[in-house]
Amino acid sequence: MPKTFACVLFLAVAVSSLLAKDNVFQTVNWPESGQTVLDFSFSKFKDIGGMGKEHKYLTDTIAENVSDKTIGNANFSLYVFDKSNAGSAKDTLILPMSGPAKRLSFK
């Protein structure tokens, strides 16, 4: 029974990670020029409510270290723009230490 549970759990995680890759809305590579070190993938932003003209949005985010080096703690500023290219939001992404080929998922 434990082997069956482990197999089912492994398949569930594998399928969900494959489905997550299909839901990628935007990919950003860092740095923009030269050899890519981090690859950020964002799902579509979901409006989760708000008041008046202000809204809150949620996105599934994956940060993947695509280099062969360990990255120490890193802070990134994320700027979000609407369709008219007006600045809509700013947030800070704080990533803990990440080894080569390591993937971090967060919202």
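Rule-based calculations on the coordinates, nothing more; no lab input. Computed from a predicted model, the values in this text were never measured in an experiment. Cβ sites come from the backbone with ideal geometry, for glycine too, and all protein chains shown count toward neighbours.
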- Candidate aspartates and glutamates for bridging to LYS44, where Cα separation is under 19 Å - those fewer than 8 sequence places away on the same chain excluded: ASP22, GLU54, ASP60, GLU64, ASP82, ASP91
- Surrounding charge for LYS102, neighbours by C-beta under 13 angstrom, Lys/Arg +1, Asp/Glu -1, total -1
- Query: Please state the relative contact order of segment 24-106 as a whole percent: Cα pairs under 8 Å, 6+ residues apart?
  - Reply: 25 percent
- For segment 24-106, restrict the atom set to alpha-carbon positions and state the Rg and Dmax in Å. 14.3, 46
